[in-house]
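Q: Input: one structure, supplied below.
The values are calculated or read from the model by the stated rules, or taken from the named source; none is laboratory data. Keep in mind it's a predicted model, so treat the numbers as computed, not measured. Quick reminder, even Gly has a Cβ in these numbers, built from the backbone with ideal geometry, and neighbours come from all protein chains shown. Heads up: the accessible areas ignore ligands, DNA and RNA and are worked out on the full protein's heavy atoms, side chains in. Shrake-Rupley method; radii C 1.70, N 1.55, O 1.52, S 1.80 Å.
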Amino acid sequence: MDGLVFALFALAALVGGFVSGFSGFAMGLVVSGVWLHIITPMQTATLIAGYGLLTQGYGIVKLRHVLDLKKAWPLALGTVIGIPIGVSILAYLNPAHLRSGVGVLLILYAIYGLTRPVFAPMKIGTGADIAIGISNGLLGGLTGLGGIISTISCQWRGWPKDVQRAVFQPVLFVAFVVISLSQAAAGTITRDTLVLYALGVPFMVAGLWSGFRLFGKIDDETFRKTVLVLLLFAGLSLIISVLPFSVH
């Protein structure tokens, strides 16, 4: 890896860490836009999972004062159930149609949320949360976006921004644990990828630190809109990924 390529790799890690520190998710969405052009898709997927453990673990530690596992465990359990199901049925679906459909739904949801008042808080029971978690895991197994539905469901409840993140970040952490273990079992974690991971850690941590500092200075409404904008970009990225000129 020459100097320019490494600079791009490190910059993506820095920005990805910042976005994760600020919003609690979307690191993979940011870094993949750069890394898929300079390293292999397998390395990109492995690094996103590995750094996901770092970013979500960091968020959990920083928000430990509001951490409530009673709220998080049903979503986490459902996610663990849903991921392998999503991966297994992927072979029977058209990935391009699936990504396009999910992308359109995310875009419509984000635009709707940005152009209307704040959602009225909803009360969701444990059984429904497990079902939401399964849907979250299914989408993760099918598209790689393993925290989208759980993040959206936290918005529906009208919780403060700290409480939202203290719920969906543990769910994302669990999802990355499952993905990383699957990658290890499949033998896709190589020495070269581990070296890349170690080189990128300082930049990812610097981004995380600065993003979290900014998160502490915003209000709940700004956080809500930030999440919706990131969901909008997630939808656009899914649609762009199936276009003929996209990198696979």
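Q: Using every Cα-Cα pair within the chain, state what percent have a distance larger than 22 Å.
A: That fraction is 52 percent.
Q: Also, I was wondering about something else. Could you work out how far apart the two model spin labels at Ala91 and Leu199 are, taking each label as a point 7 Å from the Cα in the direction of the beta carbon, and quote it in nm?
A: Once both label points are built, they end up 3.5 nm from each other.
Q: When you count, for each residue, the other Cβ atoms within 10 Å and take the mean per peptide, how do 136-148, 102-114 rank with the highest first?
A: For the peptides 136-148, 102-114, the packing ranking is 136-148, 102-114.
Q: Be a star and scan region 24-38 for residues whose amide nitrogen sits under 11 Å from the point 7 Å along the Cα-to-Cβ vector of Leu236.
A: none
Q: How much area per residue is accessible in the chain when the probe is 1.4 Å and only protein heavy atoms are counted (Å²)?
A: Per-residue value: 47 Å².
Q: Taking the Kirkwood radius as the inverse of the mean 1/r across Cα pairs, report the Rg/Rh of region 40-153.
A: Rg divided by Rh gives 0.99.
Q: Do the sum for the chain: with -39,500 (n - 2.57) for every DSSP H run of n ≥ 4, divided by all residues, what is the mean residue ellipticity at 222 nm, to the nearest 500 deg cm²/dmol?
A: On the way: 10 runs with 197 residues, N = 248.
Rounded to the nearest 500, it is -27500 deg cm²/dmol.
Q: With every atom except the alpha carbons ignored, what do you get for Rg and Dmax of region 147-248, in angstroms?
A: Cα radius of gyration and Dmax of region 147-248 are 16.6, 44 Å respectively.
Q: Return the distance in nm (one decimal) between the two label points of a simple spin-label model at Thr190 and Ala7, each offset 7 Å from Cα along Cα→Cβ.
A: Result for the modelled spin labels: 2.6 nm.
Q: Quick check: at a probe of 1.4 Å, how many percent of the accessible area of region 142-217 sits on carbon and sulfur atoms? Provide the component values of the computation, followed by the final result.
A: Numbers: 2270 of 3220 Å².
Result for region 142-217: 71 percent of the exposed heavy-atom area is carbon or sulfur.
Q: Compare the peptides 8-19, 194-205 by average per-residue count of other Cβ atoms within 10 angstrom and give them in order, highest first.
A: 8-19, 194-205
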